[in-house]
1. Give, as ranges by residue number, the residues of segment 381-425 whose backbone N falls under 19 Å from the point 7 Å along Cα→Cβ of R563.
2. How charged is the neighbourhood of R403? Take every other residue with its Cβ under 14 Å from the Cβ of R403, and add Lys/Arg as +1 and Asp/Glu as -1.
3. Thinking of segment 107-231 as a set of Cα atoms, what percent of all their pairs are more than 21 Å apart?
4. Under a 1.4 Å probe, what is the accessible area of segment 201-313 per residue, stated in Å²?
5. Round to a whole number: what % of the accessible area of segment 453-580 belongs to carbon and sulfur, probe 1.4 Å?
6. Summing +1 for each Lys or Arg and -1 for each Asp or Glu, what net charge is found among the other residues whose Cβ lies under 12 Å from the Cβ of N186?
7. Roll a 1.4 Å probe over the protein heavy atoms and report the accessible area of L456 in Å², nearest 10.
8. Ignoring any ligand, DNA or RNA, what whole percent of the accessible area of segment 219-337 comes from carbon and sulfur when the probe is 1.4 angstrom?
Amino acid sequence: MSTFIESNETSTTSSELITDVHEHPTDNASKASEVNGSADEQTLAKNTGLKVDDLIEKFGFTIIEEQDEAVSPLEVFAMETSDPLPAEEPIELPRIHKPTPEKLLDRACKLGVNFFRNQHMDEFANIPTACGNRCSLMTSTKEFRSRLLELLRPHVAGELLAKTLKQTIELAELQSHQWPQVELGNRFKKLDSGTLLVDLGDADWNCIELNEGGWGIAPQRESHFTRMKHQKPLPIPAKGTDPNELFRFVEIESEEQRMLVQAWAIAAFHPNVSNPILLFTGPQGSAKTTRSKRLRDVIDPSVTPLLGEMEKSTLFLTFQHHAVPCFENVGKFSRSEADMFCRAVTGNGVERRKLFTNSDQVLYSFKRPIIINGIDTPTTRPDFIDRSIVVHCKRLTEFKAIRELDREFEDARSRIFGSLLDLLSSTLAKLPDVPPESPFRMADFAQFGRAMAMALGRPMDDFDKAYDLNIGCQHQEILEACPMTNALYSMSQEYSENRPWEGTADSLLRSLRYAAENAADRLAVSDLPKSARWLSSRLSELISSLDERGVVVRQLPRTRDARKWQVYSANPVQPEDGNIFAVLEELDSEN
């Protein structure tokens, strides 16, 4: 629709009216009543120096809304009278002839540059892009200096020196204590309204906005994301695609494991959900690395999609920079590495000194969905196992050229990405109907998985059964990797809850050694710790897995003399009286 100002009486042309309004302001009313034809309201208002409301009040004009035409009424009138069409010049700020840091900073703010600090108190700026969107950059980066130079150069008469630009940024940073604080996301962010944002990573700084009602592509008009150098753009997603197309390229054998991987994939887009570690295990040639890379390319594509031993040495930096870190060919984790992975799953932070010459701090906080692949589970620590989903991969019998696989995957990537967004939106719609209580340690993920099962038209129990089966298999693998548990199992069969074995760690170690030697289990004998202290440490790690097998191991409260352990079987199969372990227990008590 277009808006025009029209008078009902006839006589003077529009150009005469404009001239006369300036030359004879006292005669404006009489001249205005003689106008014949139409005039664009903004042009008239600009040339007369009066607002539209003043024109209507003084001259008796009427506002008429008409459909847009190929040529506007003002252009028709100008052609009939041969009068030139008034040009609308954009408002321009005067050029700076002697640029100083103060003048340049003031001009940058007038041009739309907004300075702020992120959640780690780092200095950032929100700067307009060429397409009208906005990007958030650290003020210390080369990209910010380049964009600021591009923005200010047309407004400076003469040359803009790099030194002056640097001083301008330093002047802005000196005022950082006055800047507002804004939380930035790495690829994913949740707004206070509940809307989820996914950074597409494209040059125009567009993002996906998603909620329970659906999703769409939107420009970034505010500060939402920080970008890392390694990140690559996501594809433009396609709607209404098959949610199972992912498994054409990430092959998962069992239906239960497919459900878990699907729940993990959509939960990765939700920064407030603690997502378990997705662990692909299997022999060489089982395509563990290919599965890991394909899954990451759909969620968080990167120039460095697979990380190795070097990135493990600075885990806190790796977790800070990668939204979905993916580690390949992992061997064994140390205790500190396993702890750092557990902290990254549930969300935690790290602080470091900025420089050794002062006490300034650098803060890192992260909560990440993590992918790991390796031949075996990298650690048997119970807190790591409770935070993991293990997918065992079998060795392939046939192989296909990787170039052909890459081409097929690239063609399907936008459809797979869109199908995950569709499923995530449907899951959010079902989430309020799912009770928050859960028998699993990763309760947030379990609630999310149940909602996903409902969104797929399946009962919630299907997800619970799949998750419980996976956890049980993990505990079984841990016990198989620890031969001394065979001796512990044999010993526990002699005792029940009503008559448990009780004793110190020293006496328990002797009993386990006897059980292993009596069974001629050389692996169990060699696997036994050399000291009671190490036995206590290993038992603490195995308690959860032993419970799954029916072997109850408890550490009793410390008494005045010593701290004792309690061992028994939940389902004893051997008689409790007359066993050799009772004899050993009596000998220990006598000694």
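1. Residues passing the 19 Å test: 381-383.
2. Values: positive: K400, R407; negative: E404, D406, E408, E410, D411.
In short, -3.
3. Numbers: 3246 of 7750 pairs.
In whole percent, the long-distance tail amounts to 42.
4. Numbers: 4470 Å² over 113 residues.
The answer is 40 Å² per residue.
5. Values: 3200 of 6910 Å².
Using a 1.4 Å probe with all protein chains present, segment 453-580 comes out at 46 percent carbon and sulfur.
6. On the way: positive: R187, K189, R227, K367, R368; negative: E183, D199, D300.
Net of charged neighbours comes to +2.
7. So the heavy atoms of L456 present about 60 Å² to solvent.
8. Numbers: 2370 of 4650 Å².
For segment 219-337, the apolar C and S fraction of the accessible surface comes to 51 percent.
The values are calculated or read from the model by the stated rules, or taken from the named source; none is laboratory data. None of the values given here were measured: they were computed from a predicted structure. Neighbour counts run over all protein chains shown; Cβ positions are idealised from the backbone, glycine included. Please note that ligands, DNA and RNA were not included when accessible areas were found on the heavy atoms of the full protein model with its side chains. Shrake-Rupley method; radii C 1.70, N 1.55, O 1.52, S 1.80 Å.
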